[in-house]
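Here the structure is laid out as C-alpha cells; the discussion comes afterwards.
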Amino acid sequence: MGMRQRRWGMGLLALLLGLAGCARRVPPPPPPPAPPPREVPLRVHFLDVGQGDAVLIQTPEGKNLLLDGGERGAGGTVIAYLRQQGVTALDLVIASHPHEDHIGGLLEVLTAFPVKTLLDSGYVLGTPTQERLLELVRERGVRYRLGRAGNVIRAGPCTLEVLAPEEPLLHDTESDANNNSLVLRLIYGQTAFLFTGDLEEAGRQRLLRHGREVRSQVLKVAHHGSRNGTDEKFVAAVQPQVAIISCGANNSYGHPHREALRALRLAQVHVYTTRDNGNIVVTSDGQQIAVCPERGGELIVRPRLRPSAGKSPSSSPRPAAEKQEIPLTGRYIGNRNSKVFHGPECKTLPAPRNRVLFPTREAALQAGYRPCRRCQP
Ligand SMILES: [Zn+2]
Ligand SMILES: [Zn+2]
C-alpha cells in the first residue's frame with residue numbers, strides 16, 4: 001500500500017469513527033463478554049398418544065415438522081403439546097400412511113395451525129378420514145407433495161431423506177397401506193433418526209434389497225413394535241442404539257410383541273415405549289444424543305457410527321430425476337427491538353443476537369411483528 005493510499009485509508013477510518021461517535025453522545029459502555037455461542041439442538045418429540053404415532057420434529061433453525069397425529073381422539077392431545085412447545089405454525093406435516101391411528105388426529109391439527117406443506121405417501125385407502133384430510137388440504141391452501149424414495153428435504157442443517165415408498169407401490173402384501181408407508185431418515189451432523197411408519201416385512205425387504213442407507217442411532221420402531229415390523233436382520237442393518245416404540249397401554253394388538261423386543265434387546269438397543277415412558281424427547285446437537293423421557297431414566301448416547309448421507313451402495317445407479325429436492329421455504333427473521341420481520345434475503349437483517357425466527361409470515365404477524373418495507377411485499 002502506497003503512502004497516499006494509506007493516508008486515504010486512515011482518513012476514511014477517522015471519518016467512520018467520527019460518525020460513530022456522533023451517533024451517540026454518550027460513549028457506550030464496553031459490551032459484556034459474549035456468552036459462547038450455543039447451538040440450539042434438534043428436538044424430536046415422540047408423543048404419548050396411546051395407540052398410534054405422533055412425532056414433532058423441531059430443527060435447530062426453528063422449523064416445526066409433525067410426523068403423523070395419532071387417532072382422531074388424540075388430536076387435542078397433539079395440539080396441546082404443540083402449543084406447549086411454542087408451535088404456532090407447521091412447516092411440514094407428514095402422513096406416513098392413511099391408517100386412522102396416524103392421520104386421525106391430523107384433521108384437528110390442520111384446522112388448529114397454519115400448515116405449509118403436507119407430505120403424503122399417496123397410498124389411497126379411501127376412508128372418510130383420508131378423504132377429509134385431503135379436503136382440508138384443499139380448503140386450507142396446504143401445498144400437497146408426494147414423498148418418493150430419493151426425495152430430499154433440507155431444513156437448515158438437517159436433512160430429511162425419503163427412503164420409501166417407491167413406484168410402483170407394493171400391492172397384495174399383508175397390508176399395502178402399511179408396506180407403502182413413508183420411511184424417512186433425518187440426519188443432523190453425526191446423528192441420524194429412522195422413522196419407519198407401519199412398515200412390515202414386504203416393505204422392509206424392498207428397502208434392504210434396494211440398498212437404501214438405513215443406519216441410524218435412533219429407530220422409531222415400525223408398526224408399534226409389532227412382530228411383523230422388526231426382525232434381527234433389520235436391526236442389524238439399522239444398527240440403532242436407541243429404539244422408540246409408540247403404543248398404548250393394553251392395546252388390542254398386544255403391541256409391543258415379544259419377538260420385536262427380543263430382536264432389539266439382542267442387539268443391546270435401549271428401548272423406550274410411550275406406554276411406559278410417556279412423552280419421549282430425544283435431542284441431538286449433531287454430536288451426541290440425549291433421551292429425556294417423561295418417566296424413566298435419561299440417557300446420553302455417543303454415536304457408534306457416522307451416518308453417510310444416503311448413498312446407495314447398490315450397483316444399479318438411480319435415475320437422476322429421483323433425487324429431487326423439496327424446498328422448505330418461508331423462514332422469517334424478526335428483529336426483537338424494532339418488531340419488524342424480514343425475509344432471509346433482506347439486506348437489513350438484525351444482528352444475530354436480536355433475531356427471532358418465525359416459520360411463516362402468519363406466525364410473524366400473529367406475534368405482532370410488522371413486515372419490512374424493503375423486502376416484504
Ligand atoms: Zn399404526
Ligand atoms: Zn398402519
(request) Using per-residue counts of other Cβ atoms within 10 Å, averaged over each peptide, order 181-187, 274-280 from highest down. (result) 181-187, 274-280
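Return the tail of the calculated pair distribution for segment 42-326, meaning the percent of Cα-Cα pairs more than 32 Å apart. Display every interim value, and only then the final one.
Details: 6049 of 40470 pairs.
Value for segment 42-326: 15 percent of Cα pairs lie more than 32 Å apart.
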(message) Through the Karplus equation 6.51 cos²θ - 1.76 cosθ + 1.60, θ set to phi - 60°, convert the phi angles of segment 158-163 into ³J(HN,Hα) values in whole Hz; use x for Gly and Pro.
(response) 9, 10, 10, 9, 8, 9
(request) For segment 147-301, go through all pairs of different Cα atoms, get the mean of 1/r, take its inverse, and jot down that Kirkwood value in Å. (result) 15.7
(request) Return the distance in nm (one decimal) between the two label points of a simple spin-label model at Glu362 and Ser338, each offset 7 Å from Cα along Cα→Cβ. (result) 2.7
(message) Can you compute the radius of gyration and Dmax for segment 80-181, using only the Cα atoms, both in Å?
(response) 14.1, 43
(request) Give a residue-ordered list of calculated ³J(HN,Hα) values for segment 110-125 (Karplus: 6.51 cos²θ - 1.76 cosθ + 1.60, θ = phi - 60°; whole Hz; x for Gly, Pro). (result) 5, 8, 8, 10, x, 10, 7, 9, 10, 9, 10, 6, x, 6, 9, 9
(message) What do you get for GluC sites (Glu not before Pro) in segment 109-215 restricted to DSSP loop and a cutoff of at most 15 other Cβ within 10 Å of the site's Cβ?
(response) Glu174
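Only the coordinates and a few stated rules stand behind these numbers; no lab work does. A quick note: this is a predicted structure, and the numbers were derived from the prediction, not measured. Positions of Cβ are generated from backbone atoms using ideal geometry, with glycine treated the same way; all protein chains shown enter the neighbour counts.
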